[in-house]
Every structure is written in structure tokens, then in C-alpha cells.
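Visitor: Would you mind keeping the following structure in view while I ask a few things?
The values are calculated or read from the model by the stated rules, or taken from the named source; none is laboratory data. Owing to the predicted nature of the structure, the values given are computational and were not obtained by experimental measurement. Neighbour counts are summed over all protein chains in view; Cβ atoms, including those assigned to glycine, are modelled from backbone coordinates with ideal geometry.
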Amino acid sequence: MKVVVSGASSGIGLALARHYLERGATVAACARRGELLQSLAAEFPEKVICYTLDVRDAPALQRAAGDFMARVGVPDIVIANAGVSRGTLTEYVEDEEVFQRVMDINVLGMVKTFQPFLAAMRAAKRGTLVGIASVAGFRGLPGSGAYSASKAAAISYLESLRVEMHGSGVKVVTLCPGYIRTPMTDINTYPMPFILDADVAAKRMARVIGRGTAFAVVPWPMGVVGWVMKRLPRWLYDRLFAKAPHKARGKVS
């Protein structure tokens, strides 16, 4: 099996990369922090091909895709996992840059990750494209305008892509994690129901990917929460969430 994972240096991406490596896959591990990728490569010699890059850099992704396919062939799975989360408030002008970067990484980074592989996968009439979205994309969360908007956009984009790929042999899977124990959630100071360790989440996600399920929430109880949230009338949602705890504001590097 040949797998490509973006954001593979930590969190869900690292857990997914390790999951597939432990099962004998060859993995293209992509991330900005090359030293962490090298640690993974040392753990799984000759099974990891490291690409130190930023998913906002389309030419870098195209070069990495070309190199990987030249070495091992068309991937079976491409996982667009790279993402960032920062608290944002529209009233602060300095948050405009954070909004831009969150959207660039979480949405356009997904597009740029998939694009170099699509023609080859379509020609092969096989493969699975996996986008990591979030239950945060189901409704707009206070203090997380950039993150919620980016994940809502990712969900819609992945649905469009799935329809475009219909009948091609290429599957598109939308994964919406709830709370997963990663560096991204470690900074949260509020309760995180049903939180999973990253390795446990990765195993569950891999099962979803293996089945080719179009859309799934991990863990499933957060899917129930999301279902309820989406169906709350706006007046009740506004009242319930107006005083919800906010993620801390900060810059995205």
C-alpha cells in the first residue's frame, strides 16, 4: 500500500502515518517540520519518504507528488490532514491575517494536496482521497470564526469533489474528528467531551477509509452531538452558545 499524509509531523497526521507504516505501507510524510519527519523515518527505515514543505506551496507539493509517484507509483490513499486552529475575533484588525492563513492552510492546502495526484489516480481508476475536516464545521462557534468557516468550507469542497469523482473509481472520504488529544487541543482550557487519543482515533479513521465511507465523524458520539447542533433553531443556538468558552487568540506561523 502507498499512502500520502500531509501534516504528518504531529497529531492526527503522525498517528495516521504510523498506523499505515505499522501495517507495511510506504508513506510519503509531508510537513513543515522536517526534523520531526526524520524521526519518523528513523523509526521506519526505507518505508518513509519525507517531504519538508508547506501545503500553501503548490509547486512544492507538485514536486513531491511527482517524486513519490516516480519512486513507488500512484498512491492508494492521499490524506489531506494539515491544518491549524486559532481563536479569532473579527473586531481585531490583527486577526485578519490569522483568518487568511487558517483558510489558506485548512482549505486551499487541501486542494493543493490533492491536485497533483488526481490525474494519475483517475487514469488508474482507483484510490481514495481523504480530507480531514471537523465537527467545528457544522455550526459557527464563537471565537473560532476562522476555524469553523475553514472546516465548513472543507466539508462542502470535499462533497463537490466526491460528486466530481463519481464513477471514476476514485473515492472521496470526509472525516470530521471531534476532540482528539493532540498539540492543537492541548491548549484548550474548556471541557472536551468524548476526547480520544490520537492513535485510537487513527485506527478508527483507517477503518472508515478502508470502507470508503463518504462521510464519518470520529468518535461517533460527537456525530450525535453534531446532528443535534445542526438542527437547533438559530434563536436557541445563539442563546446557548453566546457565552461558550473561546479558543485563545493567537498568530499562525
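Visitor: Provide a single number: the residues in the stretch 137-147 that are in a helix (DSSP H, G or I) and either surrounded by fewer than 22 Cβ atoms within 10 Å (Cβ to Cβ) or aromatic (Phe, Trp, Tyr) (or both). Outline the logic, then answer.
Guide: Filtering the stretch 137-147 for residues in a helix (DSSP H, G or I) gives 137, 145-147.
Next cut, either surrounded by fewer than 22 Cβ atoms within 10 Å (Cβ to Cβ) or aromatic (Phe, Trp, Tyr) (or both) only: 145, 147.
Looking only at that region, the number is 2.
Visitor: Of the residues Asp76, Asp95, which is touching a residue at least 40 places away in the same chain (Cβ under 8 Å), acidic (Asp, Glu) and more than 29 Å from Gly212 (Cβ to Cβ)? It would help to see each step written out before you state the result.
Guide: Numbers: Asp76 fails: more than 29 Å from Gly212 (Cβ to Cβ).
Criteria check complete, one pass: Asp95.
Visitor: Would you check which residues across the stretch 210-247 are surrounded by 14 or more Cβ atoms within 10 Å (Cβ to Cβ), in contact with a strand residue (DSSP E or B) (Cβ under 8 Å, 6 or more places away or on another chain) and not in a helix (DSSP H, G or I) and list them?
Guide: Those that are surrounded by 14 or more Cβ atoms within 10 Å (Cβ to Cβ), in contact with a strand residue (DSSP E or B) (Cβ under 8 Å, 6 or more places away or on another chain) and not in a helix (DSSP H, G or I): Phe215, Ala216, Val217, Val218, Pro219, His246, Lys247.
Visitor: Of the residues Leu129, Leu108, which is closer than 28 Å to Met222 by Cβ, hydrophobic (A, V, I, L, M, F, W, C), touching a residue at least 24 places away in the same chain (Cβ under 8 Å) and not in a helix (DSSP H, G or I)? Write out each step before concluding.
Guide: Working: Leu108 fails: not in a helix (DSSP H, G or I).
Checking each option against the conditions leaves just Leu129.
Visitor: Is it true that Lys151 is under 25 Å from Ala70 (Cα atoms), among the basic types (Lys, Arg) and touching a Ser or Thr at 6+ places or on another chain (Cβ under 7 Å)? Let's see the steps before the verdict.
Guide: Details: under 25 Å from Ala70 (Cα atoms): no; among the basic types (Lys, Arg): yes; touching a Ser or Thr at 6+ places or on another chain (Cβ under 7 Å): yes.
Taking the combined requirement at face value, the residue does not satisfy it.
Visitor: Also, I was wondering about something else. Hey, among Ala31, Ala15, Ala60, Ala8, which residue is of a type outside the set (Ser, Thr, Tyr) and farther than 25 Å from Ser134 by Cα? Let's see the steps before the verdict.
Guide: On the way: Ala31 fails: farther than 25 Å from Ser134 by Cα; Ala15 fails: farther than 25 Å from Ser134 by Cα; Ala8 fails: farther than 25 Å from Ser134 by Cα.
Going through Ala31, Ala15, Ala60, Ala8 in turn, just one is of a type outside the set (Ser, Thr, Tyr) and farther than 25 Å from Ser134 by Cα: Ala60.
Visitor: Just one of (1) among the aromatic types (Phe, Trp, Tyr); (2) farther than 19 Å from Met205 by Cβ; (3) crowded, with 22+ Cβ neighbours inside 10 Å trips up Tyr51, so point out which.
Guide: (3)
Each row is one residue, and each column tells you yes or no for (1) over 17 Å from the mean Cα position of the chain (by Cα); (2) among the small types (Gly, Ala, Ser).
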| residue | (1), (2) |
| --- | --- |
| Val84 | no, no |
| Val98 | yes, no |
| Asn106 | no, no |
| Ala120 | yes, yes |
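Visitor: Given the structure, is Asp67 farther than 30 Å from Pro245 by Cα and part of a loop (DSSP other than H, G, I, E, B)? Steps first, answer last, please.
Guide: Numbers: farther than 30 Å from Pro245 by Cα: yes; part of a loop (DSSP other than H, G, I, E, B): no.
Against the criterion (farther than 30 Å from Pro245 by Cα and part of a loop (DSSP other than H, G, I, E, B)), Asp67 does not qualify.
Visitor: Yes or no: Val72 modelled with pLDDT of 95 or more and surrounded by fewer than 23 Cβ atoms within 10 Å (Cβ to Cβ)? Explain how you work it out, then say what you get.
Guide: On the way: modelled with pLDDT of 95 or more: yes; surrounded by fewer than 23 Cβ atoms within 10 Å (Cβ to Cβ): yes.
The answer is yes for Val72.
Visitor: I'd like the residue in the stretch 105-121 that is surrounded by fewer than 18 Cβ atoms within 10 Å (Cβ to Cβ) and either hydroxyl-bearing (Ser, Thr, Tyr) or in contact with a helix residue (DSSP H, G or I) (Cβ under 9 Å, 6 or more places away or on another chain) (or both) and, out of all such residues, is nearest to Tyr147 (Cα to Cα). Lay out the reasoning, then the answer.
Guide: Taking the stretch 105-121 first, the residues surrounded by fewer than 18 Cβ atoms within 10 Å (Cβ to Cβ) are 108, 111, 115, 119-120.
Filter once more, keeping what is either hydroxyl-bearing (Ser, Thr, Tyr) or in contact with a helix residue (DSSP H, G or I) (Cβ under 9 Å, 6 or more places away or on another chain) (or both): 108, 111, 115, 120.
On the way: Leu108: 13, Val111: 17, Gln115: 23, Ala120: 31 Å.
The selected residue is Leu108.
Visitor: Filter the stretch 156-181 down to residues that are outside any loop (DSSP other than H, G, I, E, B), within 16 Å of Ala216 (Cβ to Cβ) and not hydrophobic (A, V, I, L, M, F, W, C) and give me whichever is modelled with the lowest pLDDT.
Guide: Pro177
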